[in-house]
Amino acid sequence: MDNITFSILVGLLVGITVGFLIAKAMEKAREKKLLSGTRKEAATILKEAKIDADSLKKEKILQAKEKFIELKSEHEKVILGREKKISDVEKRIRDRESQVASEVDKNKRLNKSLEQKENDYNKKLDFLDNRESELDKMHKRHVDMLEQISGLSADEAKIELVTSLKDEAKTEAMAFVQTSIEEAKLTAEQEARRVVLGTIQRVGVEQAVENCVSVFNLESDDVKGRIIGREGRNIRALEAATGVEIIVDDTPEAIILSCFDPVRREIARLSMHKLVTDGRIHPARIEEVVKKTEKQITQEIIEVGKRTVVDLGIHGLHPELVKTVGRMKYRSSYGQNLLQHSREVANLCGIMAAEMGLNSKVAKRAGLLHDIGKVPDTESELPHALLGMEWAEKYGEKSDVCNAIGAHHDEIEMKSLISPIVQVCDAISGARPGARRQVLDSYIQRLKDLENIAFGFPGVQKAYAIQAGRELRVMVESTKVNDIKAAELSFSISQKIQNDMTYPGQVKVTVIRETRAVNVAK
């Protein structure tokens, strides 16, 4: 049993050993086969790489040759271009040289002709000199013969002739001057009268005398109660907003508006018309309507100025001057409407300038603008003529027009012929019978002075002279003037009026202070 086991074990060991040897032999055979395959593959790769390298080398050589050929062609083109430019320059130089040569030849020919002409001219000069000397000799012989015949030398004869001509000319000139002066004396006054009368006859302007009241007609007396309002609040609001005294009396179907300022009176009239037509009359509505009416009047002033300028044929007037011309409609001078007066003066100036052979358009322009200083936006101490001249200069008017405006009351020296024409036409328009009223103008000036005194105190917002100047109503700012200061202000204004002005009767000073609190519900 033990022998069998041993023999089995020996057999197993022998088998394992033989198997191992066989496996080793097979592995070596595979390694040899693999190595030979790898060598073959490496040889193939090397062969292919060599082929690729040869082809790449050939391709690069071809590319280099093509690049060389391309650069060579470009270089040849550049060389050809340069050669062409050089040939063009050489051609221009040759042309220039040929032109210069032709010009030189031409100049040579010209010089020859000039030399020939110069020789001919010198010959003619010599000939003329000879003839001149011969003429001088002949003239001298003639003068000697005349001196022998007359017994006078040439200088003495000249002096005697000049003396006789001077005396004769002086006599004739004196006679002509005397005749002209006598004719001028006989015809100047007659011609001046003809020009002035003809001018006046061609311009006929109706004179509307200004007054200080307007009558507002009503459809029925029932409207009066609505205008007055509860406890008079509506009429007080109207007077406070417009500065016009509203008189509601027993006059049937009429209310009287009293104010020296036509603009304020017109604003009040139009506002009342709108309120009565609308039917809603209360303080808030009154203030709203009055503000809208003020804007409407401002626009109407501009339209009136434009219409006036167009009617007179005046062009290129500055818009501010057009607005000033429109404001003349609501101003008066000694009771004479300022716009009508200025239109009349403009027409008179234009006709008179045309009669005298001057520029009628410039004369019309100066005549229309001569009184613009009477409608200033703010008070000024300058006379209205100088103030108007300053405005005209400010807004680009010509020197002739400015001088005519400033000199029509002799404040400055007249420097053009238009200035005396404007002065004369202004006097003609103002001197017409019934054209002006001195009393009304002084009355209006007194009321303006009353209002200006009130505006001289701090805190005053509005000031209106009413009751024909017997009452001054002053509205102050509630934030700047309290109740105590309002009483002091009333006293101070009354004392200043008493000291600075002369007036009949008494002047009542009423200071109104109002506080409003406004909120908006959203």
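The lysines within cross-link reach of K123, meaning a Cα-to-Cα straight distance under 23 Å and a gap of 8 or more places when in the same chain, are K108, K112, K137.
Accessible surface of T515, taken over heavy atoms with a 1.4 Å probe and every protein chain present, rounds to 100 Å². Listed by chain and number, the aspartates and glutamates whose C-alpha is less than 17 Å from the C-alpha of K374, apart from same-chain residues fewer than 8 away, are E210, D261, E320, E344, E390, E393, D410, E411, D426, D441, D449. Using a simple spin-label model with pseudo-atoms 7 Å out from Cα toward Cβ, K394 and Q461 lie 2.8 nm apart. Annotation: lysines with alpha-carbon distance below 30 angstrom to K28 (same-chain offsets under eight excluded): K40, K47. Close amide H contacts of V509 (hydrogens built in the peptide plane, cut-off under 5 Å, sequence separation of 5 or more or a different chain): L472.
Taking 0.36 nm per residue of separation and subtracting the Cα-Cα distance, full extension of the segment from K28 to K60 would add 6.8 nm. Each label point was placed 7 Å from the Cα along the Cα-to-Cβ direction; for F6 and R226 their separation is 15.9 nm. In this view, the solvent-accessible surface of R109, computed with a 1.4 Å probe and all protein chains in place, comes to about 150 Å². So if each residue of separation counts as 0.36 nm, and I subtract the Cα-Cα distance between S133 and I159, what length gain in nm does that give? In short, 6.7 nm is gained. Between K84 and H142, the simple label model (points 7 Å from Cα in the Cβ direction) yields a spacing of 8.2 nm. Largest to smallest in accessible area, the residues F457, F216 fall in the order F457, F216 (1.4 Å probe, all protein chains included).
Across the options S133, L110, A53, the greatest Cα extent toward the positive end of the charge dipole of the stretch 1-143 (unit charges at beta carbon of Lys, Arg, Asp, Glu) belongs to A53. Kirkwood analysis of the Cα pair distances in the stretch 445-505 returns a hydrodynamic radius of 11.8 Å. Structure note, pairs K50/K72; K323/K462; K224/K295; K462/K496; K57/K77; K329/K361: Cα-Cα distances above 28 angstrom occur for K50/K72; K57/K77.
Compared with the direct C-alpha span, the chain from K292 to T515 gains 78.0 nm at full extension, assuming 0.36 nm per residue.
The values are calculated or read from the model by the stated rules, or taken from the named source; none is laboratory data. All figures in this text were calculated on a predicted structure; none of them were measured in a lab. Backbone-built Cβ (ideal geometry, glycine too); neighbour counts: all protein chains shown. Please note that ligands, DNA and RNA were not included when accessible areas were found on the heavy atoms of the full protein model with its side chains. Shrake-Rupley method; radii C 1.70, N 1.55, O 1.52, S 1.80 Å.
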